[in-house]
């Protein structure tokens, strides 16, 4: 069975600094997708970034980038130039490929990030 | 609509009551997911629809949980004979395709007394 582990329950970072959130996963699949979702306090969950396992290049979205290490089954999120609006719960998620016959997204337990002024 | 909407936003039920939670996905989205999120935890997958077909219900915790999407748009999650352990936030998400970006609704917070 697939598992997703986020080992940092809480983190804090000073405004304008860089922070890295860790995520590891376990799977025997070769085709899968990885995601980082953000859930601000009392607000809806939104996608931050996604990575297809078959792509070697790490995904980047503005200040957000990932370090995808397929062999190590690691998928960390780096937030550069942290802003107060980045304060949120961050969830790592895993999904097998569409041809796998399963449709189950697996989320980690989350990392609560607080950006300090 | 502009986004995924869910109703009611809050629901208090007495143990043993039946409840129905509604999800209005983004128009045209084929895929629809239901999740259960306990306090301080990540979302747990409940079920998945592709249009009106329920392709995966492996996450439903018991036969008291039932979901439908009869016309491939609005979906309802029904919980019969609610128990205290059913207390959680129930999230709905929709997307164009299975692995596309999921757009989440605000959730329904269910409290069973």
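The values are calculated or read from the model by the stated rules, or taken from the named source; none is laboratory data. What you are looking at is a predicted structure, and each value in this text was computed from that prediction instead of being measured. Here the Cβ positions follow ideal geometry from the backbone for every residue, glycine too, while neighbour counts run over all protein chains shown.
For the range B:1-21, a residue qualifies if it is away from every other protein chain (no Cβ under 13 Å) and touching a residue at least 60 places away in the same chain (Cβ under 8 Å), and the qualifying residues are B:7, B:8, B:11, B:12, B:13, B:14, B:15, B:16, B:17, B:18, B:19, B:21.
Among the numbered criteria (1) without any contact (Cβ under 8 Å) to a residue 60 or more places away in the chain; (2) within 11 Å of chain B (Cβ to nearest Cβ); (3) farther than 23 Å from residue B:34 by Cβ, which single criterion is violated by residue A:66? Status for residue A:66: all satisfied but (2).
Counting only strands (runs of 3 or more DSSP E) that sit wholly inside the range A:1-48, those with at least 3 residues that are in contact with a strand residue (DSSP E or B) (Cβ under 6 Å, 6 or more places away or on another chain) and more than 11 Å from chain B (Cβ to nearest Cβ) are A:10-14, A:19-21, A:24-26. Confirm whether residue A:74 is more than 14 Å from chain B (Cβ to nearest Cβ) and exposed (fewer than 13 other Cβ atoms within 10 Å of the Cβ). In short, no.
Annotation: residue B:97 fulfils all but one of (1) within 10 Å of chain A (Cβ to nearest Cβ); (2) farther than 17 Å from residue A:106 by Cβ; (3) not in a loop (DSSP other than H, G, I, E, B); the unmet one is (3).
Taking the criterion of being without any contact (Cβ under 8 Å) to a residue 12 or more places away in the chain and under 25 Å from residue A:42 (Cα atoms), would at least one residue in the range B:24-34 satisfy it? Reasoning before the result, please.
Just the residues of the range B:24-34 that are without any contact (Cβ under 8 Å) to a residue 12 or more places away in the chain, to begin with: none.
Looking through the range B:24-34, none of the residues is without any contact (Cβ under 8 Å) to a residue 12 or more places away in the chain and under 25 Å from residue A:42 (Cα atoms).
In this structure, residue A:57 does not satisfy being at pLDDT 95 or above and away from every other protein chain (no Cβ under 14 Å).
Only one of these is surrounded by fewer than 13 Cβ atoms within 10 Å (Cβ to Cβ) and at pLDDT 95 or above: B:16, B:1, B:97. Name it. Give the derivation first.
On the way: B:1 fails: at pLDDT 95 or above; B:97 fails: at pLDDT 95 or above.
Among B:16, B:1, B:97, only B:16 is surrounded by fewer than 13 Cβ atoms within 10 Å (Cβ to Cβ) and at pLDDT 95 or above.
From the list B:82, B:76, the one residue that fits, being touching a strand residue (DSSP E or B) at 6+ places or on another chain (Cβ under 7 Å) and either facing chain A (nearest Cβ under 9 Å) or in a loop (DSSP other than H, G, I, E, B) (or both), is B:82. Scanning the range A:80-111 for residues that are more than 9 Å from chain B (Cβ to nearest Cβ) and within 22 Å of residue B:40 (Cα to Cα), we see that the one that is farthest from the chain's Cα centre (by Cα) is A:84.
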